[in-house]
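> Just passing along the structure, written as structure tokens.
The values are calculated or read from the model by the stated rules, or taken from the named source; none is laboratory data. Owing to the predicted nature of the structure, the values given are computational and were not obtained by experimental measurement. Cβ: placed from backbone, ideal geometry, glycine included. Neighbour counts: every protein chain shown. What goes into the accessible areas is simple: the full protein's heavy atoms, side chains included, and nothing from ligands, DNA or RNA. Shrake-Rupley method; radii C 1.70, N 1.55, O 1.52, S 1.80 Å.
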Amino acid sequence: MDANERVLPMLPLRGILVFPHMVIHLDVGRDKSVQAIEDVMGQDRHVFLATQIEAQKNNPGEEDIYDIGTVAEVKQLLKLPGGNIRILVEGIARGKILEYQTSDTYFKVKVKQYSEEFEKNSEVEALMRNLVQQFEKYVKFSKRIPSETMVSVINMEEPARLADTVASYLVLRTDDKQRILDTVAIVPRLETLGMLVAKELEIVELERKINIRVRKQMEKTQKEYYLREQIKAIQKELGDKENRVAEGEELRKRVDKAKLPKAIKERTLKEIERLEKMPPMAAEVTIVRNYLESILDLPWSKSTRDRLDIKVAEQVLDADHYGLRKPKERIIEHLAIRQLSKKMKGSIICLAGPPGVGKTSLGRSIARALERKFVRISLGGVRDEAEIRGHRRTYLGAMPGRIIQGLKQAGSRNPVFLLDEIDKMSSDFRGDPSAALLEVLDPEQNNTFSDHYVEMPFDLSNVMFITTANNIYKIPRPLLDRMEVINISGYTEEEKLQIAMRYLLPKQMEKHGLADDMANISENAIRKVIQGYTRESGVRNLERNIAALCRKAVKQIVENKNKKIKIMAQSLQKYLGVPKFHYQIAGQYDEVGIATGLAWTEVGGDTLCIEVTTYKGKGKLTLTGKLGEVMKESAQTAFSYVRSQEQKLEIDKIFFENNDIHVHVPEGAIPKDGPSAGITLATALASAITGRKVRCDVAMTGEITLRGRVLQIGGIKEKVLAAKRVGIKMIIMPWENKKDIQELPNNVKGKIEFQFVQYIDEVLDIVLRPAETEAIPDIVVPPEAAYDNNQNLEQLQ
Ligand code: ADP
């Protein structure tokens with residue numbers, strides 16, 4: 001027997017093929033084969049593995065088996081339950097069956113074993129490289145083979161081993177694999193293999209392309225499906241086209257009902273059509289819908305019928321307000337003229353006065369008297385033209401301006417429209433709201449008022465506008481020119497008491513659910529509230545305090561199950577805490593260098609303390625306390641006057657060469673201005689320089705000239721009331737203001753002495769005490785109470 005020939009037990013393989021060098025698990029089930037394995041296990045463990053031509057055959061004959069196979073070694077054997085065994089075999093070399101020796105127990109065949117060693121000439125080398133390259137691509141694309149395999153393949157030196165290893169990794173049909181096994185010569189083996197790898201590569205490439213296409217298609221269909229579902233949901237939300245047609249019909253009905261003017265009607269119908277034609281998802285649908293709602297909500301042709309009875313109007317105003325004789329008269333005159341002359345329609349009432357004097361509530365009463373609707377908008381802090389006139393529809397979240405919104409709220413085209421705090425408007429880069437307001441108030445233009453949002457002219461000529469302001473000097477001039485200013489000054493203590501007892505208290509009690517017999521708040525208690533808990537020209541804080549008392553009363557009734565509560569002046573502290581203000585706060589004693597002036601402010605009158613001190617220096621004048629230009633000049637004038645009176649005031653000749661003078665107006669952080677502190681400044685200066693004390697119970701107001709004349713000033717009533725509040729006994733004021741005193745209530749006139757002066761000398765004669773011999777105090781301390789009020793001091797006139 002040839003050295004390469006040997007006899008080995010043969011295992012027929014089904015659908016599988018083992019190449020040399022390949023290590024693989026095989027499950028052996030056929031009894032014959034099990035027997036064969038068991039037999040070789042005791043020897044060299046070599047078997048011959050050959051593949052069946054048809055895998056299905058259970059008992060293959062010689063003709064059913066390929067004659068070229070692999071000599072292999074059984075490395076391991078594992079018995080499985082049920083008599084089967086699993087073996088691990090490793091291919092050693094190709095072999096060819098020369099003859100079948102027995103087949104009764106298992107096949108024993110005589111095999112010729114081929115050598116797997118070949119000479120590596122350049123052709124073989126080239127083929128090997130080609131194969132490695134192809135295989136590399138295959139590995140990359142197929143992704144079935146781990147990349148470590150590639151490393152070991154690249155490093156293989158022996159061509160036969162390379163060929164067989166590559167072949168074992170390829171996914172090939174059994175007959176293709178057998179073709180490679182059959183090819184013993186190395187060159188054709190490598191060639192065949194190269195060809196098969198190329199073919200496989202093509203297939204894998206194609207597979208990949210198909211895969212990508214399929215995935216894309218899948219993604220596309222999925223995306224489309226998802227979007228379609230979303231559209232369906234959106235459409236459902238918005239209502240489909242049919243719904244919108246129905247909505248259009250609904251809107252058309254409203255157009256008919258609203259009795260729109262012709263041009264407006266046409267425009268609105270066009271918008272409705274536009275809405276119906278819009279694709280359901282268009283963002284504009286909501287915008288157009290909101291716009292139409294706004295238009296249809298406006299009172300284009302709705303108006304109320306006026307009650308044109310002056311007598312009734314008078315009664316209504318009287319019923320709602322105590323006092324205010326003059327303002328009421330003016331209002332009634334205005335109403336009468338309006339009624340008579342259509343031309344007067346244009347003039348607009350401006351109720352001017354400090355907060356809480358009843359401006360807003362007068363507006364409300366006018367509406368009630370005329371049986372008109374009432375709307376109020378506050379212009380305080382409005383600085384953008386768009387707030388008056390609206391934003392164009394192209395803006396996101398655009399809205400009509402406040403005028404149009406007010407009309408919508410009123411629900412009629414002829415309401416009483418109160419523009420509150422018209423003096424608190426300001427303008428900046430966003431446009432000037434007062435220009436827009438001018439158009440609103442101008443009778444020549446306001447019958448076609450155009451709001452940026454509405455875009456269609458609205459007729460405002462039937463609206464009765466009323467404005468309110470604290471300070472008319474802050475109203476832009478063109479606006480002020482259109483207005484008929486009705487001044488409402490602050491209330492005296494007596495007036496406040498009456499207002500409180502007759503109006504505020506009953507109103508608050510009703511609001512708090514207190515019946516008349518449940519709470520009794522005494523007149524003295526209210527008087528004490530006015531004196532100790534409020535310091536104002538109007539009655540706003542008073543009303544707030546009364547509300548607080550009512551609240552406390554309700555609480556007590558509920559908690560203690562009392563039937564009746566009595567609040568007296570003595571027990572007030574229990575309810576409202578310690579009084580915030582002290583009635584007697586004017587200077588307690590005469591001092592040098594301190595004089596009390598009177599100021600008019602937006603929130604009413606106030607006292608103004610002026611301090612002057614002198615110290616070593618060179619005649620310099622320092623002014624502090626946030627004084628405005630006019631007040632500074634006034635101080636200079638007063639100073640020059642005092643200097644010029646050196647002789648008369650018996651001032652030391654060298655005083656101004658050796659001393660500096662400092663004028664300060666306390667509450668230094670609050671701006672102050674106006675000329676009316678002139679005589680007060682002169683008094684304080686003269687006192688400090690001469691060392692003569694100033695009477696602490698006297699207050700003064702008046703402008704001063706360089707020659708010492710005293711000129712007329714304004715705001716008398718407010719100033720006098722303020723002086724009275726702090727317990728001043730005498731007021732010095734310009735001669736020309738004598739006439740204003742007549743209008744003061746008697747109980748005020750009776751309590752204060754008035755001195756009317758033409759020259760500052762007269763003032764000094766009255767207020768300066770005679771010179772004393774003792775030294776001038778170095779530090780001047782004003783009475784505590786003079787600092788009490790921290791309201792805005794802004795002196796005008
Ligand atoms: P204003 O608009 O001037 O700031 P309001 O109109 O808001 O003041 O008035 C504040 C409160 O004082 C309101 O409740 C108002 O009814 C009441 N009030 C003011 N003046 C009088 C008055 N003369 N008679 C009755 N109530 C008054």
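> I'd like the full set of residues that are away from the ligand (no atom under 13 Å from the Cβ) and modelled with pLDDT of 90 or more, limited to the range 530-551.
Passing the criteria: ALA548, LEU549, CYS550, ARG551.
> Could you please let me know if GLU559 is within 16 Å of the ligand (Cβ to nearest atom), over 27 Å from GLY604 (Cβ atoms) and open to solvent by 90 Å² or more (accessible area, probe 1.4 Å)? Give the steps one after another, and end with the answer.
On the way: within 16 Å of the ligand (Cβ to nearest atom): no; over 27 Å from GLY604 (Cβ atoms): yes; open to solvent by 90 Å² or more (accessible area, probe 1.4 Å): yes.
No: the conditions fail for GLU559.
> Are there helices (runs of 4 or more DSSP H) fully within the range 476-531 with at least 1 residues that are closer than 25 Å to LYS424 by Cβ, out of contact with any Asp or Glu (no Cβ under 7 Å at 6 or more places or on another chain) and open to solvent by 60 Å² or more (accessible area, probe 1.4 Å)? List them.
Correct list: 477-481.
> Here is a further query. Yes or no: the range 189-210 includes at least one residue that is more than 18 Å from GLU117 (Cα to Cα) and in contact with a strand residue (DSSP E or B) (Cβ under 9 Å, 6 or more places away or on another chain).
No: the range 189-210 contains no residue that is more than 18 Å from GLU117 (Cα to Cα) and in contact with a strand residue (DSSP E or B) (Cβ under 9 Å, 6 or more places away or on another chain).
> Right, here's the next one. Residues VAL28, VAL47, VAL23: which one is open to solvent by less than 60 Å² (accessible area, probe 1.4 Å), under 22 Å from GLU117 (Cα atoms) and in contact (Cβ under 8 Å) with a residue 40 or more places away in the chain?
The conditions single out VAL47.
> Only residues in the range 58-87 that are closer than 15 Å to LEU11 by Cβ count as the first member; pair them with residues that are among the basic types (Lys, Arg) and surrounded by fewer than 13 Cβ atoms within 10 Å (Cβ to Cβ), Cβ under 7 angstrom, at least 6 apart or cross-chain, and list the lot.
Between residues of the range 58-87 that are closer than 15 Å to LEU11 by Cβ and residues that are among the basic types (Lys, Arg) and surrounded by fewer than 13 Cβ atoms within 10 Å (Cβ to Cβ), the close pairs are ILE85/LYS79.
> Further, regarding this structure: I'd like the full set of residues that are surrounded by fewer than 24 Cβ atoms within 10 Å (Cβ to Cβ) and farther than 12 Å from VAL612 by Cβ, limited to the range 675-691. Walk me through how you get there before you give the answer.
Initial filter on the range 675-691 (surrounded by fewer than 24 Cβ atoms within 10 Å (Cβ to Cβ)): 675, 690-691.
If the condition is that a residue be surrounded by fewer than 24 Cβ atoms within 10 Å (Cβ to Cβ) and farther than 12 Å from VAL612 by Cβ, then PRO675 is the only one that fits.
> Can you name the number of the only condition in (1) within 20 Å of LEU480 (Cβ to Cβ); (2) over 36 Å from the mean Cα position of the chain (by Cα) that VAL357 fails?
It is condition (2) that VAL357 fails.
> Yes or no: the range 67-87 includes at least one residue that is among the basic types (Lys, Arg), open to solvent by 40 Å² or more (accessible area, probe 1.4 Å) and within 19 Å of ILE180 (Cα to Cα).
no
> Provide a single number: the residues in the range 270-306 that are within 16 Å of ALA246 (Cβ to Cβ) and modelled with pLDDT under 85.
Going through the range 270-306 one residue at a time, the tally reaches 6.
> Please verify whether THR701 is closer than 30 Å to THR468 by Cβ and hydroxyl-bearing (Ser, Thr, Tyr), treating the condition exactly as stated.
Spelling it out, THR701 is indeed closer than 30 Å to THR468 by Cβ and hydroxyl-bearing (Ser, Thr, Tyr).
> Scan the range 281-302 for residues that are more than 13 Å from ARG254 (Cβ to Cβ), part of a helix (DSSP H, G or I) and in contact (Cβ under 8 Å) with a residue 40 or more places away in the chain and jot them down.
Within the range 281-302, VAL285, ILE287, TYR291 qualify.
> I've got another one for you. In the range 390-418, what residues are under 18 Å from MET456 (Cβ atoms) and aromatic (Phe, Trp, Tyr)?
TYR395
> Could you identify the single residue in ILE97, ILE16 that is assigned to a strand (DSSP E or B) and within 28 Å of ARG173 (Cβ to Cβ)?
So the residue among ILE97, ILE16 that is assigned to a strand (DSSP E or B) and within 28 Å of ARG173 (Cβ to Cβ) is ILE97.
> Let me ask something additional. Consider only pairs whose beta carbons are under 9 Å apart and that are at least six residues apart or on different chains; among these, list those whose first residue lies in the range 518-547 and is of a type outside the set (Phe, Trp, Tyr) and whose second residue is open to solvent by 30 Å² or more (accessible area, probe 1.4 Å) and assigned to a strand (DSSP E or B).
ALA519/LYS566; ASN520/LYS566; ILE521/LYS566; SER522/LYS566
> I would also like to ask the following. Mind checking whether some residue in the range 515-524 is touching a His at 6+ places or on another chain (Cβ under 8 Å) and at pLDDT 85 or above?
There is no residue in the range 515-524 that is touching a His at 6+ places or on another chain (Cβ under 8 Å) and at pLDDT 85 or above.
> Right, something else. In the range 247-260, how many residues are surrounded by 14 or more Cβ atoms within 10 Å (Cβ to Cβ) and not in a helix (DSSP H, G or I)?
The qualifying residues number 1.
> Is at least one residue of the range 337-350 within 16 Å of the ligand (Cβ to nearest atom) and either open to solvent by 10 Å² or more (accessible area, probe 1.4 Å) or closer than 25 Å to TYR503 by Cα (or both)?
The initial filter retains those residues of the range 337-350 that are within 16 Å of the ligand (Cβ to nearest atom), namely 349-350.
Still in the list and also either open to solvent by 10 Å² or more (accessible area, probe 1.4 Å) or closer than 25 Å to TYR503 by Cα (or both): 349-350.
Yes, the range 337-350 contains a residue that is within 16 Å of the ligand (Cβ to nearest atom) and either open to solvent by 10 Å² or more (accessible area, probe 1.4 Å) or closer than 25 Å to TYR503 by Cα (or both).
> When the residues of the range 444-473 are filtered to those that are outside any loop (DSSP other than H, G, I, E, B), open to solvent by 10 Å² or more (accessible area, probe 1.4 Å) and within 16 Å of the ligand (Cβ to nearest atom), which remaining residue is nearest to THR394 (Cα to Cα)?
It comes out as PHE465.
> For the range 532-546, which residues satisfy the criterion of being assigned to a helix (DSSP H, G or I) and either on the phi > 0 side of the Ramachandran plot or not aliphatic (A, V, I, L, M) (or both)? Don't jump to the end; show me each part of the working.
Of the range 532-546, the ones assigned to a helix (DSSP H, G or I) are 532-533, 540-546.
Scanning the range 532-546 gives GLY532, TYR533, ARG540, ASN541, GLU543, ARG544, ASN545.
> Can I ask one more? Write out, first by first residue and then by second, each pair whose Cβ atoms fall under 9 Å of each other, whose residues are 6+ apart or on separate chains, and whose first residue, in the range 310-325, is among the acidic types (Asp, Glu) while the second is within 10 Å of the ligand (Cβ to nearest atom) and in a helix (DSSP H, G or I).
GLU314/LYS328; ASP318/LYS328; ASP320/SER361; ASP320/LEU362; ASP320/ARG364; ASP320/SER365; ASP320/TYR503
> Can you go through GLY91, GLY95 and tell me which one is open to solvent by less than 60 Å² (accessible area, probe 1.4 Å), out of contact with any His (no Cβ under 6 Å at 6 or more places or on another chain), touching a residue at least 12 places away in the same chain (Cβ under 8 Å) and not hydrophobic (A, V, I, L, M, F, W, C)? Explain how you work it out, then say what you get.
Numbers: GLY91 fails: out of contact with any His (no Cβ under 6 Å at 6 or more places or on another chain).
After ruling out the rest, the residue left standing is GLY95.
> Scanning the range 116-170 for residues that are in contact (Cβ under 8 Å) with a residue 60 or more places away in the chain and open to solvent by 70 Å² or more (accessible area, probe 1.4 Å), which turns out farthest from LEU201 (Cα to Cα)?
Step by step, filter the range 116-170, then rank; the result is GLU123.
> Considering each of ALA50, ALA72, ALA36 in turn, give the residue that is part of a helix (DSSP H, G or I), of a type in the set (Gly, Ala, Ser) and in contact with a strand residue (DSSP E or B) (Cβ under 8 Å, 6 or more places away or on another chain).
Details: ALA50 fails: part of a helix (DSSP H, G or I); ALA72 fails: part of a helix (DSSP H, G or I).
Unique residue meeting the criteria: ALA36.
> A follow-up question, please. For VAL603, work out the one condition from (1) open to solvent by less than 60 Å² (accessible area, probe 1.4 Å); (2) at pLDDT 85 or above; (3) of a type in the set (A, V, I, L, M) it doesn't fulfil.
With (1) open to solvent by less than 60 Å² (accessible area, probe 1.4 Å); (2) at pLDDT 85 or above; (3) of a type in the set (A, V, I, L, M) applied to VAL603, the lone miss is (2).
> Could you list, ordered by first residue, the pairs with Cβ atoms under 8 Å in which the first is in the range 353-368 and touching a residue at least 12 places away in the same chain (Cβ under 8 Å) and within 8 Å of the ligand (Cβ to nearest atom) and the second is open to solvent by 10 Å² or more (accessible area, probe 1.4 Å) and polar (S, T, N, Q), at least 6 apart or interchain?
GLY353/ASN470; GLY353/ASN487; GLY353/SER489; PRO354/ASN470; PRO354/SER489; PRO355/ASN470; GLY356/ASN541; VAL357/SER489
> Going by the conditions given, is THR102 of a type outside the set (A, V, I, L, M), closer than 19 Å to THR70 by Cβ and open to solvent by 20 Å² or more (accessible area, probe 1.4 Å)? Give the steps one after another, and end with the answer.
On the way: of a type outside the set (A, V, I, L, M): yes; closer than 19 Å to THR70 by Cβ: no; open to solvent by 20 Å² or more (accessible area, probe 1.4 Å): yes.
When the stated conditions are applied, THR102 does not pass them.
> So which residues in the range 287-321 are hydrophobic (A, V, I, L, M, F, W, C), open to solvent by 50 Å² or more (accessible area, probe 1.4 Å) and closer than 17 Å to LYS270 by Cβ, if there are any at all?
ILE287
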